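The values are calculated or read from the model by the stated rules, or taken from the named source; none is laboratory data. Everything numeric here is computed off the predicted structure, so don't read it as measured data. Cβ: placed from backbone, ideal geometry, glycine included. Neighbour counts: every protein chain shown. Just so you know, the surface numbers come from the protein's heavy atoms only, side chains and all, with ligands and any DNA or RNA stripped out. Shrake-Rupley method; radii C 1.70, N 1.55, O 1.52, S 1.80 Å.
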Amino acid sequence: MSDTIAISDTQAIIINNLDYTLFSWSKQKGIAPIAVKYAKGVYLYDYDDKRYIDFSSGLMNVNIGHGDQRVTDAVVKQMQEVSYITPSCVTKVRGELGKKLAEISPPGLNKTLFTVGGAEAIENAIKLARLYTGRHKIIARYRAFHGASYGAMTAGGDPRKLASDAQQIPNVIHVEDPYCYRCPWGKEITSCSRECVSHIERVIEFEGAENIAAIIMEGESGSSGCIKYPPDYLKKVRALCDKHGILLIADEVMSGFGRTGKWFAVDVHGVIPDMIASAKGITSGYLPFGALIVSDAIAKHFDDKVLWLGLTYSAHAVCCAAALEVLNIYEEDELIENASAMGKYIEAEIGKMKLKHPSIGDFRNTGLLGCIELVKNKITKEPMAPFNAKPEEMTIMNKVAAKIKELGMYTFVRWNYIFVAPPLCITKEEIDEGLSIISEALKIADEYTIHT
Ligand SMILES: Cc1ncc(COP(=O)(O)O)c(C=O)c1O
């Protein structure tokens, strides 16, 4: 008899991945990844043909849904012509994509620098703001994530940076968030004086307006818990920028490309930023890509001055082709309209779930960028797991996440948040399926609530 234990194909795939690759933001032991064989629409399928509904669109990027043949065709066609040329040469597709982005961006943002992903778009936005204004300070929010490269990570306040933050880039200043469910100033949104905005104004005064190049904010908050801005917040921040000659950089990496029911989340707020940093939904994750879209004033400034920015893979022809096709799909399939309608449907359905589940403290969403915040007590709002929870503080949430997975859902679960951000092509029936899985899993969390 042989000592070797037969392992399935799926197990062999997982073992290779665990033995030879590293996993982000995680201890390397004890990981149980889903081995995805193929994916279609809002579903992932593993090697045993188990189906998972993807309720966070991968990392909130696969906006058009998985496995769209139209993108594959566009990519193959481009590869058959040319895959890579140096960014100082041009392709038809690069110019067409630039033109399309100018059409869908807010008025006055007409030129784009293409990058390889979100963090690089942010890095270049920070550099460009400094080059353009001649100022050095950047104001950003604590509860924000802007990417994992050093500059982007410094700009974000997300605690994922804390373990390696000794070498942050200098001159980034953080401000508190307008977290209305847990207002840092103890106010209510209906009666407050927007202390969240006067706080920023005070920080500007302390830091010296003449030193501040830009304020960077997500178009709408994402992985920090979809901390929805009060309706007039971004407008007031824009006004502060205008008053002090500060640029406003909108990080639309997660909130862009239809996720909020508009092309960009700044459109929801009626605000025109000076730059839009974007990635994710631009290609819906079919290929890595990013875009930094800038105002005419910034673009013009570099007509006669050197633009000290560059990347080997800027405007990669194949990524441009994927992006152009994905942008067409948003329009052809009316996905942005669907995101808005389905966002409203989810809001109504989770409203009903709130009555059934004592563990749902809050649900915040803009279109299909949403998250449920779980609490142990609805009155005190004690979180089911704290901010920056240690592994041992995640026991309850880990059980909830395991149940979600067991019942056939993949979604992003972080601290006491469960994300509800499915692909924009999702239907009501698919939403019902997903929410019933979450509802079933929430029964575990409900057991830990304290009724008052
Ligand atoms: C708002 C935001 N900005 C920037 C990034 C970084 O993008 P990337 O991971 O493509 O570098 C992310 C990634 O999740 C994000 O959510």
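Within a straight-line Cα-Cα reach of under 28 Å, K137 can be paired with the following lysines, leaving aside sequence neighbours fewer than 8 residues apart in one chain: K111, K127, K161, K228, K235, K236, K243, K280, K300, K305.
Potential lengthening of the chain between F206 and K100 amounts to 34.1 nm, from the contour at 0.36 nm per residue minus the alpha-carbon distance.
For the chain, C89, C180, C183, C192, C196, C241, C319, C320, C425 stand unpaired, since no other cysteine beta carbon lies under 4.7 Å from theirs.
Backbone amide hydrogens, once placed in the peptide plane, bring K111 within less than 5 Å of V294, excluding anything fewer than 5 places away on its chain.
Taking θ as phi - 60° and the Karplus parameters 6.51, -1.76 and 1.60, the scalar couplings of region 243-252 work out to 4, 10, x, 9, 7, 10, 9, 9, 8, 9 Hz in sequence order, x denoting glycine and proline.
Per 10 Å bin from zero, what fraction in whole % of the C-alpha pairs of region 296-340 is there, up to the bin with the longest pair? With a bin width of 10 Å, the distribution comes to 21, 25, 32, 20, 2.
Every pair of different Cα atoms in region 129-222 enters the Kirkwood calculation, which places the hydrodynamic radius at 14.2 Å. Per residue, the accessible area of region 160-259 comes to 40 Å² when a 1.4 Å probe rolls over the protein heavy atoms. When restricted to Cα atoms, region 201-272 yields an Rg and a Dmax of 12.7, 37 Å, respectively. For region 86-95, the Karplus equation 6.51 cos²θ - 1.76 cosθ + 1.60, evaluated at θ = phi - 60°, returns couplings of 4, x, 7, 8, 10, 10, 4, 5, 4, x Hz by residue, with Gly and Pro reported as x. With contacts taken as Cα pairs under 8 Å and at least 6 residues apart, the chain reaches a relative contact order of 21 percent. Debye-formula intensities of the chain, expressed as log10 I(q)/I(0) at q = 0.09, 0.13 Å⁻¹, are -0.60, -1.26 (one equal scatterer per alpha-carbon, no solvent). A simple spin-label model places pseudo-atoms 7 Å from Cα toward Cβ; at T10 and H451 they are separated by 3.9 nm.
Remark: the E406-M79 segment gains 113.8 nm on full extension, using 0.36 nm per residue and subtracting the alpha carbon distance. Between A297 and D333, the FRET efficiency estimated from the beta carbon spacing at R0 = 51 angstrom works out to 0.90.
For region 1-158, the fraction of 1.4 Å probe accessible surface lying on carbon and sulfur atoms is 56 percent. Electrostatic tally near M153: other residues with Cβ closer than 12 Å to its Cβ, Lys and Arg +1, Asp and Glu -1, net -1. With both labels modelled 7 Å from their Cα along Cα-to-Cβ, the K235 to K354 distance reads 2.4 nm. When only Cα pairs below 8 angstrom with a gap of at least 6 residues are kept, region 123-174 shows a relative contact order of 36 percent.
Residue by residue, region 265-276 carries 3J(HN,Hα) couplings of 5, 4, 5, 4, 8, x, 10, 10, x, 8, 8, 10 Hz when phi is fed to the Karplus relation 6.51 cos²θ - 1.76 cosθ + 1.60 (θ = phi - 60°); x denotes Gly or Pro.
The residues of region 1-57 have, on average, 73 Å² of accessible surface per residue, using a 1.4 Å probe with all protein chains present. Taking 1.567 mPa s as the viscosity and 4 °C as the temperature, the Stokes-Einstein diffusion coefficient of region 245-359 based on its alpha-carbon Kirkwood radius rounds to 79 µm²/s. Taking the square roots of 5 times each eigenvalue of the Cα gyration tensor of region 8-143, largest first, gives ellipsoid semi-axes of 35, 24, 16 Å. Counting every pair of alpha carbons in region 341-418, the share spaced more than 22 Å apart comes to 24 percent.
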